[in-house]
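Asks: I'd like to ask you about the structure that follows.
The values are calculated or read from the model by the stated rules, or taken from the named source; none is laboratory data. Here the structure is a predicted model, which means the values were calculated and not measured. Cβ sites come from the backbone with ideal geometry, for glycine too, and all protein chains shown count toward neighbours.
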Amino acid sequence: MPTPPELDNLVVVLVRTRNPLNVGAAARAMSNFGAHRLRLVNPYSVAFREARSAVGASDVLLRAEEYKTLTEAVADCTLVVGTTAGRNRTLSLALRRLDAATTELRQHLKTGLVALLFGSEKIGLTNDDFSHCHWLLTIPTEKAHISMNLGQAVAVCLYELARGDKSHPTAPGLEKAASGLNEQISQALLEALAKSGYVKPNSESACENKVRRMVLRFGLDPEDAKVLLGMVRQIVWRLRQGKS
């Protein structure tokens with residue numbers, strides 16, 4: 001299967017992984033399908049070292065980058081998509097099937113980096129992790145067995161992206177602002193809201209997630225994002241000065 005060049009822009013992000021076998025399996029799947037960018041967020045350090053030192057460890061794993069926070073790991077990505085089995089969780093983001101979302105993912109890959117997030121083996125991605133995502137992705141499985149091994153999930157997603165949709169060519173997509181720029185807008189808005197008294201005591205975390213999701217839904221291009229950031233920063237500056 002020829003590897004589409006767009007997969008060079010795919011970033012596979014493993015969040016809080018614990019098992020070196022799963023880390024290795026994910027890296028091996030990436031090698032199979034031509035994806036090269038692997039990032040790990042706050043992994044269990046022993047597992048990460050064991051996976052890297054394993055005999056025959058792929059170049060993908062040896063070049064993998066480690067980050068302390070998800071914010072840092074996706075800062076340069078223009079689209080962030082979380083994976084989830086769904087279960088009985090109440091989700092605030094759109095949940096799309098992998099087979100139905102492949103064309104859109106490939107379209108985004110033509111214009112910028114796309115982060116595909118996979119959560120820990122025990123609990124998956126958290127609601128806070130979801131707040132960094134534009135939307136969520138699920139692999140359709142039997143209801144009685146909806147949970148998949150981490151390495152298997154990575155392999156299935158990459159296979160779908162690698163084979164693509166050959167029958168419906170689409171036009172190039174518009175460039176989107178990177179997550180790091182969207183995060184700067186979110187943090188500036190949060191400071192303005194806090195200084196204005198909008199944020200109630202003990203609601204800071206929930207408000208942060210809501211603001212972050214709202215900014216992502218704007219779908220700003222880089223120039224509009226910079227303009228909005230400048231506006232909000234001016235408001236924050238005035239609030240700091242205590243002026244109306």
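Asks: Can you report the number of residues in the stretch 208-243 which are in contact with a Lys or Arg (Cβ under 8 Å, 6 or more places away or on another chain) and either surrounded by 12 or more Cβ atoms within 10 Å (Cβ to Cβ) or not in a helix (DSSP H, G or I) (or both)?
Replies: Adding up the residues that qualify gives 6.
Asks: Give the residues of the stretch 32-80 that are of a type in the set (S, T, N, Q), at pLDDT 90 or above and loosely packed, with under 15 Cβ neighbours inside 10 Å, sorted by residue number.
Replies: Correct list: Thr69 only.
Asks: Would you tally the residues in the stretch 14-31 being at pLDDT 90 or above and either in a strand (DSSP E or B) or among the β-branched types (Val, Ile, Thr) (or both)?
Replies: Within the stretch 14-31, residues that are at pLDDT 90 or above and either in a strand (DSSP E or B) or among the β-branched types (Val, Ile, Thr) (or both) number 3.
Asks: Moving on. Show the residue pairs that are 6+ apart or on different chains and have beta-carbon atoms under 7 Å apart, the first residue being within the stretch 42-53 and under 12 Å from Gly24 (Cβ atoms), the second being at pLDDT below 80.
Replies: Ala51/Ala57
Asks: What's the number of the only condition in (1) in a helix (DSSP H, G or I); (2) touching a Leu at 6+ places or on another chain (Cβ under 6 Å) that Val199 fails to meet?
Replies: It fails just one condition, (1).
Asks: Right, something else. Being farther than 30 Å from Leu21 by Cβ, in contact with a Ser or Thr (Cβ under 8 Å, 6 or more places away or on another chain) and at pLDDT below 95 is true for just one of Glu160, Glu175, Glu223. Which residue is that?
Replies: Among Glu160, Glu175, Glu223, only Glu175 is farther than 30 Å from Leu21 by Cβ, in contact with a Ser or Thr (Cβ under 8 Å, 6 or more places away or on another chain) and at pLDDT below 95.
Asks: Restricting to the stretch 81-119, count the residues that are modelled with pLDDT of 90 or more and touching a Cys at 6+ places or on another chain (Cβ under 8 Å).
Replies: So the count comes out to 10.
Asks: Failed condition for Ala75, given (1) part of a loop (DSSP other than H, G, I, E, B); (2) out of contact with any helix residue (DSSP H, G or I) (no Cβ under 8 Å at 6 or more places or on another chain); (3) not hydroxyl-bearing (Ser, Thr, Tyr), with all others met?
Replies: (2)
Asks: A further question follows. Give the stretch 33-48 a look and list any residue that's under 17 Å from Ser120 (Cα atoms) and not in a loop (DSSP other than H, G, I, E, B), or say none.
Replies: Hits for the stretch 33-48 are Leu38, Arg39, Leu40, Val41, Ser45, Val46, Ala47, Phe48.
Asks: Touching a residue at least 24 places away in the same chain (Cβ under 8 Å) and in a helix (DSSP H, G or I), is that true of Leu116?
Replies: Against the criterion (touching a residue at least 24 places away in the same chain (Cβ under 8 Å) and in a helix (DSSP H, G or I)), Leu116 does not qualify.
Asks: Also, I was wondering about something else. Among the residues of the stretch 176-216, write down those that are out of contact with any helix residue (DSSP H, G or I) (no Cβ under 6 Å at 6 or more places or on another chain), of a type in the set (Gly, Ala, Ser) and within 21 Å of Leu105 (Cβ to Cβ).
Replies: Those that are out of contact with any helix residue (DSSP H, G or I) (no Cβ under 6 Å at 6 or more places or on another chain), of a type in the set (Gly, Ala, Ser) and within 21 Å of Leu105 (Cβ to Cβ): Ala178, Ser179, Gly180.
Asks: I want to confirm something. Restricting to the stretch 96-113 and keeping residues that are in contact (Cβ under 8 Å) with a residue 24 or more places away in the chain and hydrophobic (A, V, I, L, M, F, W, C), which single residue is farthest from Pro140 (Cα to Cα)?
Replies: Leu113
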